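K.L.:
This is the structure, below, for whatever I ask next.
What follows draws every value from the coordinates through simple rules; no lab data is involved. All figures in this text were calculated on a predicted structure; none of them were measured in a lab. Backbone-built Cβ (ideal geometry, glycine too); neighbour counts: all protein chains shown.
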Amino acid sequence: MNILLLCVIFFISRLMFSKKIDKYVFLKSILVLLGLLVVNGILIVVTFLGTNQLVEYIPVLSTGNIFTYVLLSAILSGLLSYYLLRWATVKFKLSMSVFTLIEYYIQWSLIYITMYQLVFDKFIQGSQLEKMLKDDISDPSIWVALLLPAFMSSWIAIILLKLHKEEI
């Protein structure tokens, strides 16, 4: 609810103080972000499973730490997503304003999720995550564990795209 309120305030202020604005920039950014989260969610699962398979064949790569595998999966899916975004910006003529707004949405969402997690004291440990995935998919902790890496991957892809377009 608070994120929605922040979006509305940002949208109104943007309309008030901007002479040139794409009237659909907020809708585009939300749709692109939702697409990124779905694609990166799938890519994270695929890269996570691939990382686990790689560790089975090359045991020296094993760290035994699920956080390392999730981080590696987020980075790999971010790199793959970057190439997808490069294609999408040309195909759908997406402006850098769309990606800047997506960055803001990601930052707000991460702050909100972190605060939610702190308030309800639901820090997830690696062994609990595997058990929760098998037991109850409706547990908010599972969604936090799945969404945070997807947000990280989306952020990585956008930063790389902005660097490529020399917007940073």
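K.L.:
Assuming 0.36 nm per residue, please report the length gained on full extension of the stretch Asn65 to Leu110 beyond their Cα-Cα distance.
P.N.:
On the way: separation 45, 0.36 × 45 = 16.20 nm, distance 2.26 nm.
The span from Asn65 to Leu110 would gain 13.9 nm if fully extended.
K.L.:
I've got another one for you. Pop a pseudo-label 7 angstrom from the Cα along the beta-carbon direction at both Val45 and Trp143 and give the gap in nm to one decimal.
P.N.:
Label at Val45, label at Trp143, 1.7 nm between them.
K.L.:
Here's another thing I want to ask about it. Taking the mean number of other Cβ atoms within 10 Å as a proxy for protection, how do you rank 145-158, 32-45 from highest to lowest?
P.N.:
My ranking of the peptides, most packed first, is 145-158, 32-45.
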